[in-house]
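Structure, as structure tokens:
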């Protein structure tokens, strides 16, 4: 009996080697052996791009780690070593494409608000926006995910919005009491709500309506609490 072969040993050896693989070194990446091995940020960037592309094409409900790995030309194991679940992967993919909302400073309040709201709208287009929409249902079951999305998406426009309003207050066209995070969230919040309901692109007319019918009436300074001192521009307080 000592000479009896043990069936299955070669198969187990292959499985063991796959468990210890890293980066592109694992089953599923064999087809790409002739390409330079990717690690670190390069591999992460490829996985993020694949994740957002899959979300755009198939949506969050049909997103799988297997399809992301195939599109990224990486191993499934390299994904699971970094992200235990697709939710965590999608959050990191969204974070990796977080735009910077530079603060416009034209000297005209309405023009600056339109510029900033346009940037908020643009940030919701493309794969990143589809990822945000795809997570809308998931956040109701995952408080940690909701906190992350609030910080990365919902609140990201608040600091530049507050700065635009602060500069308007210095020029005398914005009431100082409007310089609060709650007021600063109104415009971007309406843009996001419209996107969640109707998708992209968001019409320029809608952005103008948000600024002219909601944000400006909410923040414009008034003389003696009655008539506004300026419709939207840079006119100082008399």
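None of the figures in this text is laboratory data; all of them are computed from the coordinates on show. The model shown is predicted, which means the values in this text are computed figures rather than measured ones. Heads up, the Cβs are rebuilt from the backbone with ideal geometry, glycines too, and the neighbour counts pull from every protein chain shown.
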Note to self: Suppose the chain between residue 42 and residue 98 were pulled fully straight at 0.36 nm per residue; how much longer would it get relative to their current alpha carbon spacing?
What the structure shows: 18.4 nm
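Once you have the Cα-Cα distance between residue 61 and residue 150, take 0.36 nm times their residue separation minus that, and quote the gain in nm to one decimal.
Extending this stretch completely gives an extra 30.0 nm.
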Check: From the square roots a ≥ b ≥ c of the eigenvalues of the alpha-carbon gyration tensor of region 45-116, which class results: rounded (a/c under 1.5), prolate (a/b over b/c), or oblate?
Finding: prolate
Next item on the list: Please report 206, 195 as a ranked list, fewest other C-beta atoms within 10 angstrom at the top and most at the bottom.
Entry: 206, 195
